[in-house]
Structure formats: C-alpha cells, structure tokens
Amino acid sequence: MLECDQLFESSSKDLAEESKLRFGKQPFPNAIRPFVPITSYSNDVSYDGSYSYAYTTGDGQQQQAQGYLKNAGRKDLEAQAVQGSYSYTSPEGQLITVTYIADENGFRAEGAHLPTPPPIPEAIQKSLALIAQTQPVSAQFNAAYNQPRFHQAGHVPSASGHNYNRYG
C-alpha cells in the first residue's frame with residue numbers, strides 16, 4: 001500500500017509542476033478557501049407550490065426568495081413567479097446587493113452596481129409621444145403592457161421605482 005501512496009503523491013506533484021511550467025502560475029491558487037458557516041437558514045414549501053427560503057452566512061452573504069404559481073389551473077396562463085435578492089461583499093470590499101423578479105415577463109434585476117441605459121434623447125422622446133398620440137393601441141396590448149409587477153405578500157418595490165412589464 002505504501003508504494004501506491006508514493007506513486008499517487010509523486011504523480012500529483014508532477015502534474016502540479018507541469019501545470020506551473022505550462023501556465024506560469026499555480027493551477028488553482030485559491031482552491032483552499034476558509035470554511036464559512038451558515039448562520040441562519042429557512043426553507044418553507046407550501047402544498048400549493050408556493051415557497052420561500054433565506055439564508056445568511058458568517059461572512060455576510062445573504063439570499064432570500066419567494067415564489068408561487070400565477071394563474072394556477074388556467075391553461076396557457078400559468079407562470080412561476082419568483083421575487084428575491086442576494087448580497088455579498090466584492091473583492092474590493094463593496095457590498096453588492098441585487099434584487100430581482102422572474103415571471104412570465106422574464107428576469108429583471110436591479111442593483112446599484114449594475115449598468116443602466118443612457119437617457120433617451122429629447123428628440124426620440126418627442127417622437128415616441130407623437131406616435132403614442134396618433135396611433136391606436138389594441139386593448140390586448142394595453143392590458144399586457146400595464147400588468148402589475150408582483151402580487152405577493154412581502155413585495156419589495158424596486159429602488160428605482162420602475163414598473164416593469166413584459167417588454168423590459
């Protein structure tokens with residue numbers, strides 16, 4: 001058995017050395033990470049399929065989410081809806097927090113660190129206003145466009161105040 005252990009030990013050292021020569025650095029410099037305990041945890045699943053979970057770790061990471069089935073029993077209208085958030089500290093020491101909603105209208109995330117689109121130029125805003133005034137909008141489109149964001153207890157409104165719809 002000693003010969004086998006020695007063979008394994010020498011071959012793993014050879015692989016590490018070869019990798020070091022090939023790539024010029026350790027293959028996995030941060031492979032050994034310190035143990036991070038989970039300091040709080042909850043996970044609740046209801047019979048109707050709704051759920052919520054949350055956890056916090058010893059290094060400050062947090063995650064929480066709630067989900068449920070929208071329009072249950074209505075064929076072609078059922079959709080899973082999830083609302084949640086997570087946060088962690090970046091390598092630069094900045095607290096990163098992301099809040100999100102995912103439903104039949106897609107995934108929408110918000111966070112102070114996420115890039116935002118530039119403002120719409122004034123000329124384009126005027127053009128869009130003119131189009132809205134002069135072209136009729138179908139009732140079906142209007143109903144889809146003006147859907148409420150999320151109907152679940154514990155709703156956290158977006159920091160930016162945006163009322164998202166299926167188009168972003």
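Quick rundown of the values:
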item: Qualifying positions in the stretch 46-62 - open to solvent by less than 50 Å² (accessible area, probe 1.4 Å) and closer than 21 Å to L114 by Cβ; result: G60
item: Which numbered condition V82 misses (of (1) assigned to a loop (DSSP other than H, G, I, E, B); (2) under 29 Å from E104 (Cβ atoms)); result: (1)
item: E3 being surrounded by fewer than 10 Cβ atoms within 10 Å (Cβ to Cβ) and modelled with pLDDT under 85; result: yes
item: Subset of the stretch 69-118 that is among the β-branched types (V, I, T) and more than 27 Å from V45 (Cβ to Cβ) - its residue that is least open to solvent (accessible area, probe 1.4 Å); result: I96
item: Unique match (being in contact (Cβ under 8 Å) with a residue 24 or more places away in the chain and in a strand (DSSP E or B)) among Y100, Y55, Y88; result: Y88
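The values are calculated or read from the model by the stated rules, or taken from the named source; none is laboratory data. Predicted, not measured: the structure shown is a model, and the values here were computed from it. Please note: Cβ atoms are built from the backbone with ideal geometry, for glycine as well, and neighbour counts cover all protein chains shown. Accessible surface areas use protein heavy atoms only, side chains included; no ligands, DNA or RNA. Shrake-Rupley method; radii C 1.70, N 1.55, O 1.52, S 1.80 Å.
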